[in-house]
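Derivation of every value follows stated rules applied to the coordinates shown; laboratory data play no part. What you see is a predicted model, and the numbers here were worked out from it, not measured in a lab. Cβ atoms come from the backbone with ideal geometry, glycine included; neighbour counts cover every protein chain shown.
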DNA sequence: TCCTTAGATCGATGACTGTCAATGTATAGT
DNA sequence: ACTATACATTGACAGTCATCGATCTAAGGA
């Protein structure tokens, strides 16, 4: 049996995946992974994540204009990225500051190529 | 400016992406990447890719039963994975044999973690 | 030349997703 | 308290997607 890493998706803990090719994914693993890739499968979210990962921290208010989306839409997308564990938000005063979670990106990357 | 690799999506060639975090993605880059992640964002396709990557070659006919999907659905999913460059198919006689494209998976992986 | 088989394509349908206007909920300043 | 601000949530709508039955195409075999 291949090495297994632990990956957290939303609330559920997933024993996850030597590599895509090392062993056939179970239905449950595939569902959880699909959620993560689904979060990455939207251009607006990819640009959003790219912006957040490029800076140390980004305020929600700084995303609206460059992405040319309304405030509710930005909120919707940050929610999905956060649910996938790709970003984390911290509310300080009136602003929510978002940070990327590099370990998360690396976990997904390892899954694809190890 | 960050290192740029070349990535082919379907027919179009994309100058693509030091890393998500190294520089903000353009709209065009984000669209192309979203297509790739979209191909990975379905549980049936992930299991399919996992099966193909685990063997050397897999016949379409060998996917129907374990995935519990109809033949048109299998055909639909292989098409999407192939359009994203993640698998390639070769028709030999009556059967189509599918192979994974590891370089492709690695290119995506590098994008996430380099 | 038929018949069979593997796979692709078409058409329909139900489910999901991105989007925004309107509204709700805190927080900060006055 | 009152007002303004930064986000979240809700509701609605349009567009996309997964799925399958039916049909089509191409390749073998009899």
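Some notes on this structure:
- Taking other C-beta atoms within 10 Å as the exposure proxy, B:59, A:61 rank A:61, B:59 from fewest upward.
- Inter-copy spacing of residue A:82 label points, which lie 7 Å from Cα along Cα→Cβ, given in nm from shortest upward: 4.2
- Here A:42, A:32, A:56, B:114 are placed in order of increasing Cβ neighbour count within 10 Å, fewest first, which gives A:56, B:114, A:42, A:32.
- Label point 7 Å beyond Cα along the C-beta direction, distances from residue B:65 to other copies (nm, shortest first): 6.1
- Linear extension gain, residue B:114 paired with residue B:96, 0.36 nm per residue minus alpha-carbon span: 3.0 nm
- Inter-copy separations for residue B:99, label at 7 Å along Cα-Cβ, nm, ascending: 4.4
- Relative to one another, the C-alpha centroids of the stretch A:15-56 and the stretch A:58-114 are positioned 13 Å apart.
- Cβ-based exposure ranking for A:88, A:108, B:24, in which fewest neighbours within 10 Å come first: A:88, B:24, A:108
- Whether the stretch A:5-113 is rounded, prolate or oblate, judged on the alpha carbon gyration tensor where a/c under 1.5 counts as rounded: prolate
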